[in-house]
């Protein structure tokens, strides 16, 4: 059976492929040289023999940022945070930085009896009246403070600078909330604020 198709304004006949002849010998083609992968599981590997576990891994997504409108209610924000134990919530001036050092980048570590967390806080005031880091017994960490960067005018060494670019986090209050993997003894915390703008805390497990 023949049909008609058009290509670049010209019409040509397209015929069905000829039927396979069972008497025609099959070509003997050597397979490509390959070896099975015997290393650790790949990040997005899928094994049909254990679908429940692997489907869950396949469906996970990479870390992402979610932007809320200025009309978002506190209840909506809390509902989103309640769905994850590994998320980080930024509010205030920490949430509106565009480029440059980002406030709130965070890493968590674990050993036999403690958790370690590190939080990037460039341009944050370390004044005790303006900065706080609270850890609750369930492992929730709440950091509050004030950023001192992103001003329109900066006074340094008796000089006044009109800022031509402002890519750092704007000045203002902020909060950072995240969850440690498990409950902790919130009375046993060691913390330090390094000169590189990283807050580091070690808290004992409960």
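Which whole-number percent gives the relative contact order of the stretch 87-206, counting Cα pairs below 8 Å spaced six or more residues apart? Result for the stretch 87-206 is 34 percent.
What FRET efficiency, computed as 1/(1 + (r/R0)^6) with R0 = 25 Å and r the Cβ-Cβ distance, is obtained for residue 196 and residue 84, rounded to the nearest 0.05?
Numbers: r = 28 Å, r/R0 = 1.12.
That gives a FRET efficiency of 0.35.
This ranking places 173, 186 by how few other beta-carbon atoms lie within 10 Å of each, fewest first, which gives 173, 186. As a proxy for reagent exposure, 193, 161, 174, 117 were ordered by neighbouring Cβ count within 10 angstrom, fewest first; the result is 161, 193, 117, 174. For a paramagnetic label modelled on residue 125 (point 7 Å from Cα along Cα→Cβ), amide N atoms under 17 Å away belong, within the stretch 137-179, to 143-156, 169-176.
Here, each number is a calculation from the coordinates, and none is a lab measurement. The structure displayed is predicted, hence computed values, not measured ones. Note that we place each Cβ from the backbone using ideal geometry, even for glycine, and neighbour counts take in every protein chain shown.
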